[in-house]
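Below: the structure, in structure tokens.
The values are calculated or read from the model by the stated rules, or taken from the named source; none is laboratory data. These numbers come from a predicted model, not from an experiment. Positions of Cβ are backbone-derived with ideal geometry, glycine not excepted, and every protein chain shown enters the neighbour counts. The accessibility values were calculated without ligands, DNA or RNA, using every heavy atom of the protein model including side chains. Shrake-Rupley method; radii C 1.70, N 1.55, O 1.52, S 1.80 Å.
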Amino acid sequence: MKIKVGPSLLSADFSCLYEEIKSVEKAGANLLHIDIMDGHFVPNITIGPVVVKYIRKCTKLPLDTHLMIENPQKYIDAFVDAGSDMLTVHIETVSNSALKALGLRLRRKGIKFGISLNPGTPISKIKPVLKYADFVLVMSVNPGFGGQSFIPGAINKIKELRAIYKKDIAVDGGINNSTAKSVILAGANILAAGSYIFGAKDRRKAIERIRNAGK
Ligand code: DX5
Ligand code: ZN
């Protein structure tokens, strides 16, 4: 499968967001990972649909919007209208029936629907709803902050999922050139990375190292 790299804007300098977006776009990013946090599901607060709307104006890259919020159903339309191409909700925040409804609704709108699970949530929890997802996002840190260390348990979860799931598997948290290798070999093909890319002197090299880590 083609490996795609999505720089996570959480580690960008928000005082010059336009330049930061252009920088990773020019450096070869395949998509832009945007972290939405509400201070309830996770202990941090970031941005909302208003900012996503302006990010949309800066780039043609697909916007991969990662909703770490309670009641995501309430905000889905706002993030779709703001220009998201991919929307991920956490299995810990919605019932299976709501996930099904969301998946069907987003499919009709042509938006890719992702279901994410925290490090503490087993793969068995998402099996009943897998058919409604276009991709699964395996968290390799407890969501809330950039710059945390990769939790190795994610590797076996990706393997377990890859054995039963043929579509895209994304991974998010603590990705660098070495953890990228493990997750790609385990079966992940979309890698979100914040601090490793935005903290690199050469962002193009950082993105290429992640993309080619499994080779
Ligand atoms: C964590 C966020 C991640 C985060 C990744 O809650 O969902 O997307 O920005 O940052 P790094 O790559 O620095 O772990
Ligand atoms: Zn994220």
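Within region 34-55, being open to solvent by less than 20 Å² (accessible area, probe 1.4 Å) and either touching an Asp or Glu at 6+ places or on another chain (Cβ under 6 Å) or within 10 Å of ligand 1 (Cβ to nearest atom) (or both) holds for Ile34, Asp35, Ile36, Met37, Val42. Does Ser15 meet the test of being away from ligand 2 (no atom under 16 Å from the Cβ) and within 25 Å of Ile175 (Cα to Cα)? Yes; evaluated as a whole, the condition is true for this residue.
For Phe135, are the conditions met, namely being open to solvent by 40 Å² or more (accessible area, probe 1.4 Å) and within 16 Å of ligand 2 (Cβ to nearest atom)?
Values: open to solvent by 40 Å² or more (accessible area, probe 1.4 Å): no; within 16 Å of ligand 2 (Cβ to nearest atom): yes.
Answer is no for this residue.
Against the list (1) open to solvent by 30 Å² or more (accessible area, probe 1.4 Å); (2) part of a loop (DSSP other than H, G, I, E, B); (3) over 29 Å from Phe14 (Cα atoms), the condition Thr121 fails is (1).
Condition (residue is modelled with pLDDT of 95 or more and under 20 Å from Arg211 (Cα atoms)) applied to region 33-42: is it met by at least one residue?
Looking only at region 33-42, we keep the residues that are modelled with pLDDT of 95 or more, and these are 33-42.
Retained after the next criterion (residues that are under 20 Å from Arg211 (Cα atoms)): 33-34.
Within region 33-42 (the criterion being modelled with pLDDT of 95 or more and under 20 Å from Arg211 (Cα atoms)), the answer is yes, since at least one residue qualifies.
The residue of region 26-52 that is farthest from Ser11 (Cα to Cα), among those that are among the polar types (S, T, N, Q) and within 14 Å of ligand 2 (Cβ to nearest atom), is Asn44.
Count, please, the residues in region 156-174 that happen to be surrounded by fewer than 20 Cβ atoms within 10 Å (Cβ to Cβ) and either within 16 Å of ligand 2 (Cβ to nearest atom) or of a type in the set (Phe, Trp, Tyr) (or both). Give the derivation first.
We begin by selecting, within region 156-174, every residue surrounded by fewer than 20 Cβ atoms within 10 Å (Cβ to Cβ); these are 156, 159-160, 162-168.
Narrowing the set further to residues that are either within 16 Å of ligand 2 (Cβ to nearest atom) or of a type in the set (Phe, Trp, Tyr) (or both) leaves 165, 168.
Qualifying residue count, region 156-174: 2.
Could you please let me know if Thr179 is within 16 Å of ligand 2 (Cβ to nearest atom) and more than 23 Å from Val24 (Cβ to Cβ)? No, not satisfied.
In region 56-68, what residues are under 19 Å from Leu137 (Cβ atoms) and either open to solvent by less than 10 Å² (accessible area, probe 1.4 Å) or of a type outside the set (A, V, I, L, M, F, W, C) (or both)? Working first, answer last.
Restricting attention to region 56-68, the residues satisfying the condition of being under 19 Å from Leu137 (Cβ atoms) are 61-68.
Within region 56-68, Pro62, Leu63, Asp64, Thr65, His66, Leu67, Met68 qualify.
Look at Ile184 and say whether it is touching a Leu at 6+ places or on another chain (Cβ under 6 Å), open to solvent by less than 70 Å² (accessible area, probe 1.4 Å) and in contact (Cβ under 8 Å) with a residue 40 or more places away in the chain. It is false that Ile184 is touching a Leu at 6+ places or on another chain (Cβ under 6 Å), open to solvent by less than 70 Å² (accessible area, probe 1.4 Å) and in contact (Cβ under 8 Å) with a residue 40 or more places away in the chain. Just one of the listed residues (Gly103, Gly153) is of a type outside the set (S, T, N, Q) and surrounded by fewer than 16 Cβ atoms within 10 Å (Cβ to Cβ), namely Gly153.
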